[in-house]
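Here's the structure, in structure tokens; my notes come after.
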Amino acid sequence: MFMVAASLAAVVALAPLLWVLVVLVMKGAPSLDLDFFTKLPKPLGVEGGGMANAVVGSLMVVGLGSAIALPLGVLGGVYTREYAGVWGARAVRLVSDVLAGVPSIVLGVFVWAVVVVAMRRFSALAGGLALALVMLPTVQRSTDEVLALVPQEVREGALALGIPKWKAVLWVVVPSAAGGILSGALLAVARAAGETAPLLLTALGNRFWNLRPDRPVATLPVMIFNYAISPYEDWHRQAWAAALVLVAGVLLLTLGARWVLRRKYGGS
Amino acid sequence: MGLEAGLRLLRRRKGRGPESVFRAGLSLSGFLPLLILLGIVAVLWRASGPARGAFGLRFFWGRVWDPVHEVFGALPFVYGTIVTSVLAVLFGVPVALGSALFVVEIAPRRVRSLLTPVLDLLAGVPSVVYGLWGMFYLVPFLSSRVEPLLRRAFGFSPLFSCTGAQFNYLAGGVILSVMILPTVASICREVFLAVPTELKEGAMALGATRWDVVRMVTFPVARGGVIGAIFLGLARALGETMAVTMVVGNRPEISACLFAPGYTAAAALANEFTEAAGDVHLASLVYLALALMFVTFLVNLIARLLVWKVTGGEERGLR
Amino acid sequence: MREGENPPLGRAIKVESLSAWFGELQALKGVSLYIEANQVTAIIGPSGCGKSTFVRCLNRMHEEVPGARVEGRVFLDGLDIYDPEVDPMEVRRVIGMVFQRPNPFPNMSIFDNVAAGLRLGGVRNRRVLEEEVEKALRMAGLWDEVKDRLHERGSLLSGGQQQRLCIARALAVKPEVLLLDEPASALDPASTLKIEDLVREMKKDLTVVIVTHNMQQAARVSDYTAFLLDGELVEYAPTKELFTRPKERRTEDYITGRFG
């Protein structure tokens with residue numbers, strides 16, 4: 001009886017998730033064509049067109065966010081594990097967990113209030129900053145945890161050579177954990193790439209090309225949202241195509257993270 | 001080599017600069033999350049000033065949200081957020097618990113090692129994609145298959161008796177339950193795995209069935225952690241935005257009926273923020289964001305304390 | 001001394017009432033002894049007697065443990081290494097250390113492991129590095145085994161080779177004293193013998209202090225032996241003397257295997 005109930009629960013748990021994936025492929029794949037990657041969106045009500053600008057925009061916003069959050073997150077993680085001491089580390093971890101728990105839409109409101117209001121316009125940069133806030137605590141935490149796996153003996157070996165601690169950390173400890181750090185970073189980027197809510201209030205959206213960081217920019221998640229709630233059949237079709245591309249990207253990053261980790265620890 | 005030379009050799013080098021610069025730089029990035037958090041609170045507090053001034057705490061009791069007449073009461077959002085999140089926990093937790101038990105107690109090792117990464121991968125599907133699925137598949141399914149059944153069975157209760165709309169609280173709750181499921185299940189799995197095997201084997205040796213073991217050993221030992229996992233799921237549901245926005249109906253009304261359209265705080269922020277016209281409207285939305293942050297903070301804190309106690313702590317990352 | 005003119009020579013170490021703590025726990029209780037230059041001194045005693053802590057105090061590694069504290073003085077020739085003027089990093093370049101478990105840097109090749117101390121100490125010249133790495137690997141008796149695969153990862157070597165790699169790494173920075181903390185306890189008998197040969201060989205060039213729980217090993221490789229018990233120095237004498245005519249009852253009990 002218990003066995004049946006628990007097995008049933010596992011099936012019920014997987015069912016909607018599989019349902020989402022199946023629908024995604026069935027609706028997304030036929031709608032995906034070259035136009036999607038090469039053309040701009042058509043004006044309201046006109047069929048056809050693509051999301052080339054949103055694909056590039058997503059890359060741009062995620063790139064900006066990563067450029068800000070990854071170095072800072074890794075450094076913060078290194079600080080937590082190598083320098084903060086027992087109580088300091090606990091405090092830093094707690095704060096970082098609290099930040100990770102702030103709803104992403106609230107992060108969007110914050111960046112809006114600081115950046116968008118100051119610049120008097122929505123911008124790719126604001127979007128990147130919002131995503132950076134999403135990534136930062138995750139990267140910090142994963143770096144911290146990966147560094148914990150570096151044996152204490154390695155640190156002592158470096159110090160015993162008379163190498164100053166900062167050099168030991170920078171050239172011995174951190175490189176020893178490079179695979180794990182990279183893997184954690186990729187996972188954080190994957191998570192941020194699908195974020196929609198904070199981008200609504202920061203990057204906004206754009207029906208045209210934009211490569212300037214100080215202008216509003218289209219992104220895949222926001223396009224999916226806008227097209228999904230529109231009344232047009234053809235836009236729904238394109239929303240599915242965009243969703244498939246987005247999920248494929250996220251999945252690729254996630255698998256990449258696993259691959260990096262396997263390659264790092266599987267060999268030796 | 002003489003003594004003098006030796007002294008010179010070991011003498012502290014002038015300017016231990018790099019070490020302290022490195023350290024200072026690191027600690028700055030270490031405390032960056034703290035600065036950001038303080039910044040968020042300060043900025044939201046200031047930006048919500050006009051709304052706090054105009055409505056105070058009564059803001060959360062006000063039933064009318066009317067941008068045209070600049071009357072802002074957040075009760076519809078508070079209510080909608082609570083209803084959908086509670087529904088999410090009610091639907092999601094039993095399934096999450098069951099599947100975690102399945103993975104830990106029943107599944108053969110091979111299934112376990114296959115299921116875990118699959119669940120993790122699926123947890124990475126973006127919220128907006130769930131929303132898309134929700135709009136075009138879940139909502140029609142619920143309104144054509146599930147809701148008639150509920151009406152027939154429980155129509156006597158005001159919960160299930162209104163005409164309502166396709167996009168409603170129930171749809172919001174169900175989609176949230178799907179989204180919190182992987183989180184809750186994976187923490188429960190960790191908590192169950194942390195229950196010492198000797199305890200379980202001891203009970204088995206006394207002739208207990210698997211269910212007895214779960215009931216008398218696993219659950220009591222893991223209770224705190226499971227409650228923690230539930231709170232983490234709740235926190236996630238409270239702040240989740242896109243998927244709910246796309247299925248909940250987005251009408252700032254309050255209804256006891258689960259088939260009625262509603263609104264959540266996060267959804268209001270997503271929909272109205274960029275279109276808000278007046279200063280008071282904007283400030284009211286920021287006020288809402290501040291409240292949302294405060295509540296998720298409390299729920300997260302409770303969750304973390306509970307889970308820490310069970311898994312023994314700081315070394316375990318919880319997201 | 002101009003570089004390259006004389007072979008590096010070892011230095012003597014004088015330890016004066018050295019005490020060490022981990023938090024509240026006192027691991028060393030006022031140990032004093034004189035370690036002769038260019039000799040091998042063995043530190044023996046049952047596990048937990050403070051022998052590892054003792055050598056870790058000699059190059060100021062003990063203080064890297066959180067909550068650890070040291071009192072007393074340690075003179076390298078005439079110079080107190082606990083003088084506040086002294087940089088612990090410089091001490092560790094002069095007094096090298098090899099640990100119980102081989103700990104090659106996992107991210108580095110064999111070559112980079114040996115070159116690490118020099119490189120991170122500021123040596124950039126490729127030719128100098130190559131020369132010094134070869135010299136250190138030869139001294140550690142590892143050159144012939146690895147000369148064709150210097151750019152493979154150090155962590156791919158066998159346990160005994162890894163330990164000799166660590167010895168080469170320590171030797172590359174040209175220390176005058178080398179501390180070995182149970183260097184062979186994790187190794188098979190054949191690798192252990194190689195390490196022991198190496199220890200006897202090395203005393204031409206530097207002073208060696210070796211911690212071991214293996215009395216035969218101490219008898220085989222050392223010129224002097226110190227016996228520690230519960231953080232106290234019980235007896236310190238030339239190795240032959242200590243093993244044949246111990247003065248202290250507790251030493252006799254220990255070397256005849258009556259406890260520990």
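Restricting to segment B:16-44, name every residue that is over 21 Å from A:A100 (Cβ atoms) and not acidic (D, E). Explain how you work it out, then say what you get.
The first filter runs over segment B:16-44 and keeps only residues over 21 Å from A:A100 (Cβ atoms), leaving B:16-25.
Across segment B:16-44, the qualifying residues are B:R16, B:G17, B:P18, B:S20, B:V21, B:F22, B:R23, B:A24, B:G25.
When you scan segment A:1-105 for helices (runs of 4 or more DSSP H) that lie fully inside it, which ones turn up with 2 or more residues that are surrounded by 21 or more Cβ atoms within 10 Å (Cβ to Cβ)?
Working: elements: A:2-31, A:34-38, A:52-78, A:85-101.
Ranges flagged: A:2-31, A:52-78, A:85-101.
Taking segment B:253-286 on its own, how many of its residues are in contact with a strand residue (DSSP E or B) (Cβ under 8 Å, 6 or more places away or on another chain) and in a loop (DSSP other than H, G, I, E, B)?
6
Test each condition in (1) facing another protein chain (nearest Cβ under 9 Å); (2) surrounded by fewer than 23 Cβ atoms within 10 Å (Cβ to Cβ); (3) over 25 Å from the mean Cα position of the chain (by Cα) for A:R120 and report the one that comes out false.
Here A:R120 clears every test but (1).
Tell me which residues, restricted to segment A:101-116, are within 8 Å of chain B (Cβ to nearest Cβ) and over 15 Å from B:A270 (Cβ atoms). Steps first, answer last, please.
Keep residues of segment A:101-116 that are within 8 Å of chain B (Cβ to nearest Cβ), which gives A:101-110, A:112-114.
Correct list: A:G101, A:V102, A:A113, A:V114.
Considering each residue of segment C:127-150, count those that are part of a loop (DSSP other than H, G, I, E, B), surrounded by 14 or more Cβ atoms within 10 Å (Cβ to Cβ) and not small (G, A, S), and give that number.
Kept after step one, since they are part of a loop (DSSP other than H, G, I, E, B), are these residues of segment C:127-150: C:140-142, C:147-150.
Of the ones still in play, those that are also surrounded by 14 or more Cβ atoms within 10 Å (Cβ to Cβ) are C:140-142, C:150.
Narrowing further to those that are not small (G, A, S): C:142, C:150.
Total satisfying the criteria: 2.
Checking the structure you have, find out if any residue of segment B:174-193 is acidic (D, E) and more than 12 Å from chain A (Cβ to nearest Cβ). Even if it seems obvious, please write down each step before you answer.
The initial filter retains those residues of segment B:174-193 that are acidic (D, E), namely B:190.
Among the residues that remain, those that are also more than 12 Å from chain A (Cβ to nearest Cβ) are: B:190.
Yes, the conditions are met somewhere in segment B:174-193.
For segment B:124-161, enumerate the residues that are more than 9 Å from every other protein chain (Cβ to nearest Cβ), of a type in the set (A, V, I, L, M) and under 30 Å from A:A248 (Cβ atoms).
Across segment B:124-161, the qualifying residues are B:V139, B:L142.
When the residues of segment B:88-134 are filtered to those that are modelled with pLDDT under 85 and polar (S, T, N, Q), which remaining residue is surrounded by the most Cβ atoms within 10 Å (Cβ to Cβ)?
B:T116
Read through the list (1) at pLDDT 95 or above; (2) out of contact with any Gly (no Cβ under 6 Å at 6 or more places or on another chain), then give the number of the only condition that B:Y169 fails.
For B:Y169, the failing item is (2).
Take C:R101 and tell me if it is within 14 Å of chain A (Cβ to nearest Cβ), part of a loop (DSSP other than H, G, I, E, B) and basic (K, R). Don't jump to the end; show me each part of the working.
Values: within 14 Å of chain A (Cβ to nearest Cβ): yes; part of a loop (DSSP other than H, G, I, E, B): yes; basic (K, R): yes.
Yes: the conditions hold for C:R101.
Let me confirm something: among A:V74, A:V55, A:V95, which residue is in contact with a Ser or Thr (Cβ under 7 Å, 6 or more places away or on another chain), of a type in the set (V, I, T) and modelled with pLDDT of 90 or more? Please lay out each step first, then the result.
Details: A:V55 fails: in contact with a Ser or Thr (Cβ under 7 Å, 6 or more places away or on another chain); A:V95 fails: in contact with a Ser or Thr (Cβ under 7 Å, 6 or more places away or on another chain).
Every option except A:V74 fails the conditions.
Among all residue pairs at least 6 apart or on different chains, which show Cβ distances below 6 Å where the first residue, located in segment B:102-117, is more than 7 Å from every other protein chain (Cβ to nearest Cβ) and farther than 14 Å from A:A9 by Cβ and the second is assigned to a helix (DSSP H, G or I) and of a type outside the set (F, W, Y)?
Within 6 Å, the pairs are B:R112/B:V103.
Checking the structure you have, find out if any residue of segment B:104-117 is part of a helix (DSSP H, G or I) and touching an Asp or Glu at 6+ places or on another chain (Cβ under 6 Å).
Here is the first cut: in segment B:104-117, the residues part of a helix (DSSP H, G or I) are B:104-106, B:109-117.
Still in the running and touching an Asp or Glu at 6+ places or on another chain (Cβ under 6 Å): none.
Scanning segment B:104-117 turns up no residue that is part of a helix (DSSP H, G or I) and touching an Asp or Glu at 6+ places or on another chain (Cβ under 6 Å).
Surrounded by fewer than 24 Cβ atoms within 10 Å (Cβ to Cβ), more than 8 Å from chain B (Cβ to nearest Cβ) and not in a helix (DSSP H, G or I), is that true of A:L149?
Working: surrounded by fewer than 24 Cβ atoms within 10 Å (Cβ to Cβ): yes; more than 8 Å from chain B (Cβ to nearest Cβ): yes; not in a helix (DSSP H, G or I): yes.
It is true that A:L149 is surrounded by fewer than 24 Cβ atoms within 10 Å (Cβ to Cβ), more than 8 Å from chain B (Cβ to nearest Cβ) and not in a helix (DSSP H, G or I).
Would you mind telling me which numbered condition in (1) at the interface with another protein chain (Cβ under 7 Å from one of its Cβ atoms); (2) touching a residue at least 24 places away in the same chain (Cβ under 8 Å); (3) under 20 Å from A:L34 (Cβ atoms) A:A241 fails?
Result: A:A241 passes all but (1).
Can you find even one residue in segment A:185-200 that is closer than 30 Å to B:S127 by Cβ and more than 13 Å from chain B (Cβ to nearest Cβ)? Break it down stepwise before answering.
Residues of segment A:185-200 closer than 30 Å to B:S127 by Cβ: A:185-200.
With the extra rule that they be more than 13 Å from chain B (Cβ to nearest Cβ), the set shrinks to A:185.
So far as segment A:185-200 goes, yes, one or more of its residues are closer than 30 Å to B:S127 by Cβ and more than 13 Å from chain B (Cβ to nearest Cβ).
Could you go through segment C:39-57 and let me know if any residue there is under 26 Å from C:A226 (Cβ atoms), surrounded by 15 or more Cβ atoms within 10 Å (Cβ to Cβ), within 12 Å of chain A (Cβ to nearest Cβ) and among the charged types (D, E, K, R). Spell out how you get there, then give the answer.
Here is the first cut: in segment C:39-57, the residues under 26 Å from C:A226 (Cβ atoms) are C:39-57.
Now restrict to residues that are surrounded by 15 or more Cβ atoms within 10 Å (Cβ to Cβ): C:39-45, C:49-57.
Filter again for within 12 Å of chain A (Cβ to nearest Cβ), leaving C:52, C:55-56.
Checking the rest, the ones that are also among the charged types (D, E, K, R) come to C:56.
Yes, segment C:39-57 contains a residue that is under 26 Å from C:A226 (Cβ atoms), surrounded by 15 or more Cβ atoms within 10 Å (Cβ to Cβ), within 12 Å of chain A (Cβ to nearest Cβ) and among the charged types (D, E, K, R).
Regarding C:V114, is this residue in contact with a strand residue (DSSP E or B) (Cβ under 6 Å, 6 or more places away or on another chain) and surrounded by 20 or more Cβ atoms within 10 Å (Cβ to Cβ)? Give the derivation first.
Values: in contact with a strand residue (DSSP E or B) (Cβ under 6 Å, 6 or more places away or on another chain): no; surrounded by 20 or more Cβ atoms within 10 Å (Cβ to Cβ): yes.
So C:V114 fails the test.
Can you confirm whether A:L204 is facing another protein chain (nearest Cβ under 8 Å), crowded, with 20+ Cβ neighbours inside 10 Å and within 30 Å of C:M61 (Cα to Cα)?
Details: facing another protein chain (nearest Cβ under 8 Å): yes; crowded, with 20+ Cβ neighbours inside 10 Å: yes; within 30 Å of C:M61 (Cα to Cα): no.
Considered against the rule, which asks whether it is facing another protein chain (nearest Cβ under 8 Å), crowded, with 20+ Cβ neighbours inside 10 Å and within 30 Å of C:M61 (Cα to Cα), A:L204 comes out as no.
Looking at C:L58, is it within 24 Å of C:K203 (Cβ to Cβ), touching a residue at least 40 places away in the same chain (Cβ under 8 Å) and among the aliphatic types (A, V, I, L, M)?
Numbers: within 24 Å of C:K203 (Cβ to Cβ): yes; touching a residue at least 40 places away in the same chain (Cβ under 8 Å): yes; among the aliphatic types (A, V, I, L, M): yes.
Taking the combined requirement at face value, the residue satisfies it.
Condition test on C:R60, is it within 14 Å of chain B (Cβ to nearest Cβ), basic (K, R) and over 29 Å from A:V169 (Cβ atoms)? Working first, answer last.
Values: within 14 Å of chain B (Cβ to nearest Cβ): yes; basic (K, R): yes; over 29 Å from A:V169 (Cβ atoms): no.
Taking the combined requirement at face value, the residue does not satisfy it.
Taking the criterion of being on the phi > 0 side of the Ramachandran plot and within 12 Å of chain B (Cβ to nearest Cβ), would at least one residue in segment A:160-177 satisfy it? Walk me through how you get there before you give the answer.
First, the residues of segment A:160-177 that are on the phi > 0 side of the Ramachandran plot: A:162.
Cutting the leftovers down to within 12 Å of chain B (Cβ to nearest Cβ) gives us A:162.
Yes, because at least one residue in segment A:160-177 is on the phi > 0 side of the Ramachandran plot and within 12 Å of chain B (Cβ to nearest Cβ).
Please go through segment C:201-251 and give me each residue that is more than 26 Å from C:S19 (Cβ to Cβ), outside any loop (DSSP other than H, G, I, E, B) and charged (D, E, K, R), ordered by number.
Within segment C:201-251, C:E201, C:R220, C:K240, C:E241 qualify.
Taking into account only those residues within segment B:224-267 that are polar (S, T, N, Q) and crowded, with 24+ Cβ neighbours inside 10 Å, which is nearest to the chain's Cα centre (by Cα)? Spell out how you get there, then give the answer.
So the first thing to find is which residues in segment B:224-267 are polar (S, T, N, Q), and the list is B:241, B:245, B:250, B:255, B:264.
Add one more test, that the residue is crowded, with 24+ Cβ neighbours inside 10 Å, and what stays is B:241, B:245, B:264.
Numbers: B:T241: 11, B:T245: 15, B:T264: 14 Å.
Selected residue: B:T241.
Being of a type in the set (D, E) and either assigned to a loop (DSSP other than H, G, I, E, B) or facing another protein chain (nearest Cβ under 7 Å) (or both) is the filter here; which residues of segment C:63-98 pass it? So that I can check it myself, show each step before the final result.
Taking segment C:63-98 and keeping what is of a type in the set (D, E), we get C:63-64, C:71, C:77, C:80, C:83, C:85, C:87, C:90.
Selection gives C:E64, C:D77, C:D83, C:E85, C:D87, C:E90.
C:L229: out of contact with any strand residue (DSSP E or B) (no Cβ under 8 Å at 6 or more places or on another chain) and at pLDDT below 90, yes or no?
Details: out of contact with any strand residue (DSSP E or B) (no Cβ under 8 Å at 6 or more places or on another chain): yes; at pLDDT below 90: no.
So C:L229 fails the test.
The values are calculated or read from the model by the stated rules, or taken from the named source; none is laboratory data. Keep in mind that this is a model prediction, so the values were computed, not measured. Cβ: placed from backbone, ideal geometry, glycine included. Neighbour counts: every protein chain shown.
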